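J.: What follows is a structure written as structure tokens; I'll ask about it next.
The values are calculated or read from the model by the stated rules, or taken from the named source; none is laboratory data. What you see is a predicted model; the values in this text were computed from it and never measured. Note: ideal-geometry Cβ built from the backbone for every residue, glycine included; neighbour counts use all protein chains shown. Note: areas computed on protein heavy atoms with side chains; ligands, DNA, RNA excluded. Shrake-Rupley method; radii C 1.70, N 1.55, O 1.52, S 1.80 Å.
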Amino acid sequence: MTWASIDLNADLGEGFGRWRLTDDEELLSVVTSANVACGFHAGDAATMRRVCDLAAERSVRIGAQVSYRDLAGFGRRSMDVPAAELTAEIAYQIGALEVFARAAGARVSYVKPHGALYNRVVHDEEQAAAVVDGVLLAGGRLPLLGLPGSVLHTVAGRAGVPVVTEAFADRAYTADGGLAPRGEAGAVLTDPAVVVERSVGMARFGTVTARCGETVAVRARSLCLHGDTPGAVSLARRVRGELETAGVRVEAFA
């Protein structure tokens, strides 16, 4: 499947206190959707408010990037959280961000799991159901952003929660359409030319070359550009420019 348009999302607000990881202001001039850290893997109240204000000024959609409670590990460590507890924590994070989004004159438009939770709900039905229940507990059927074919999307569909498929320009793919684990060599792509080429290919043709050399389908409505990689802003600008040159409209899905 190909799209006449594609959304560009980035993980933003990934700082804490005086420490900042992402160039939120510059990236918000490029992306159309902002995955805002909600305090569990990164982010704090002041950071969340600042990013929501900036996003609203630029008409960028605000998404809640929910995570396991793991500040020390940046949300990338596997954790076993009881389903009821995870449901409450998902709702808590969405609710916290919604306060700042409303104060900025906007709303939380979607939800995206982060890190270890993102990877877990690709295949774990119990944890996926807890995330979906958390979205419902927060008071709305917000779209869930995730990998095509994930268990999360299957569970969400059964619950009547909208889903949005996502692809990653700078991540290596496996033959089954999954992401190569970050700990493996070559899992994160750093060559700008390669990232740009893959971005255009995924947007126009819905395919990407996996590590094994096979062409796999990535039916994505949104493309993630990581904000914590070196040169993230210039790379994001280059990706958007090449997409538009190739005739792909860049616009928010929500």
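J.: Among the residues of the stretch 204-217, is there at least one that is touching a Gly at 6+ places or on another chain (Cβ under 7 Å), farther than 20 Å from residue 181 by Cβ and in contact (Cβ under 8 Å) with a residue 24 or more places away in the chain?
T.: Yes - at least one qualifying residue is present in the stretch 204-217.
J.: So, in the stretch 24-46, of the ones that are more than 18 Å from residue 109 (Cβ to Cβ) and within 18 Å of the chain's Cα centre (by Cα), which residue ends up most open to solvent (accessible area, probe 1.4 Å)?
T.: Within the stretch 24-46, the first condition is being more than 18 Å from residue 109 (Cβ to Cβ), and the residues that meet it are 25-26, 29, 39-42, 44-46.
Cutting the leftovers down to within 18 Å of the chain's Cα centre (by Cα) gives us 25-26, 29, 39-42.
Values: 25: 96, 26: 70, 29: 71, 39: 24, 40: 9, 41: 3, 42: 2 Å².
If we take residues in the stretch 24-46 being more than 18 Å from residue 109 (Cβ to Cβ) and within 18 Å of the chain's Cα centre (by Cα), then 25 is most open to solvent (accessible area, probe 1.4 Å).
J.: Tally the residues that are open to solvent by 50 Å² or more (accessible area, probe 1.4 Å) and part of a helix (DSSP H, G or I), restricting the search to the stretch 236-254.
T.: 6
A quick yes/no check of all residues on (1) open to solvent by less than 50 Å² (accessible area, probe 1.4 Å); (2) at positive phi; (3) out of contact with any Leu (no Cβ under 6 Å at 6 or more places or on another chain):
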position	(1), (2), (3)
175	no, no, yes
187	yes, no, yes
192	no, no, no
197	no, no, yes
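J.: Do we have any residue at all in the stretch 164-172 that's touching a helix residue (DSSP H, G or I) at 6+ places or on another chain (Cβ under 9 Å) and open to solvent by 20 Å² or more (accessible area, probe 1.4 Å)?
T.: Within the stretch 164-172, one or more residues are touching a helix residue (DSSP H, G or I) at 6+ places or on another chain (Cβ under 9 Å) and open to solvent by 20 Å² or more (accessible area, probe 1.4 Å).
J.: Please enumerate the residues belonging to the stretch 189-235 that are outside any helix (DSSP H, G or I) and among the basic types (Lys, Arg).
T.: Residues of the stretch 189-235 that are outside any helix (DSSP H, G or I), as a first pass: 189-191, 206-231.
211, 219, 221 - these are the residues of the stretch 189-235 that are outside any helix (DSSP H, G or I) and among the basic types (Lys, Arg).
J.: Here's something else I'd like to know. Among what's in the stretch 12-23 and is in contact with a Ser or Thr (Cβ under 9 Å, 6 or more places away or on another chain) and open to solvent by 10 Å² or more (accessible area, probe 1.4 Å), pick the residue that is modelled with the highest pLDDT.
T.: The initial filter retains those residues of the stretch 12-23 that are in contact with a Ser or Thr (Cβ under 9 Å, 6 or more places away or on another chain), namely 12-17, 20.
Okay, now just the ones that are also open to solvent by 10 Å² or more (accessible area, probe 1.4 Å), so 16-17, 20.
Working: 16: 88, 17: 82, 20: 82.
Only one residue fits best here, namely 16.
J.: Confirm whether residue 49 is over 21 Å from residue 236 (Cα atoms) and assigned to a helix (DSSP H, G or I). Show your work before the answer.
T.: Working: over 21 Å from residue 236 (Cα atoms): yes; assigned to a helix (DSSP H, G or I): yes.
Considered against the rule, which asks whether it is over 21 Å from residue 236 (Cα atoms) and assigned to a helix (DSSP H, G or I), residue 49 comes out as yes.
J.: Just need a number here: residues in the stretch 1-46 that are among the polar types (S, T, N, Q) and either part of a loop (DSSP other than H, G, I, E, B) or more than 22 Å from residue 94 (Cα to Cα) (or both). Let's see the steps before the verdict.
T.: Here is the first cut: in the stretch 1-46, the residues among the polar types (S, T, N, Q) are 2, 5, 9, 22, 29, 32-33, 35.
Then drop every residue that is not either part of a loop (DSSP other than H, G, I, E, B) or more than 22 Å from residue 94 (Cα to Cα) (or both), which leaves 2, 5, 22, 29, 32.
Residues in the stretch 1-46 being among the polar types (S, T, N, Q) and either part of a loop (DSSP other than H, G, I, E, B) or more than 22 Å from residue 94 (Cα to Cα) (or both): 5 in total.
J.: Does residue 130 satisfy the criteria of being modelled with pLDDT of 95 or more, open to solvent by less than 30 Å² (accessible area, probe 1.4 Å) and out of contact with any Gly (no Cβ under 9 Å at 6 or more places or on another chain)? Give the derivation first.
T.: On the way: modelled with pLDDT of 95 or more: yes; open to solvent by less than 30 Å² (accessible area, probe 1.4 Å): yes; out of contact with any Gly (no Cβ under 9 Å at 6 or more places or on another chain): yes.
Considered against the rule, which asks whether it is modelled with pLDDT of 95 or more, open to solvent by less than 30 Å² (accessible area, probe 1.4 Å) and out of contact with any Gly (no Cβ under 9 Å at 6 or more places or on another chain), residue 130 comes out as yes.
J.: Quick one: which residue in 111, 122, 99, 66 is β-branched (Val, Ile, Thr) and more than 15 Å from the chain's Cα centre (by Cα)?
T.: Details: 111 fails: more than 15 Å from the chain's Cα centre (by Cα); 122 fails: more than 15 Å from the chain's Cα centre (by Cα); 66 fails: more than 15 Å from the chain's Cα centre (by Cα).
Answer to the selection: 99.
J.: Please determine, by comparing only the residues of the stretch 52-67 that are open to solvent by less than 60 Å² (accessible area, probe 1.4 Å) and assigned to a loop (DSSP other than H, G, I, E, B), which one is nearest to residue 105 (Cα to Cα).
T.: Looking at the filtered set, the residue picked out is 60.
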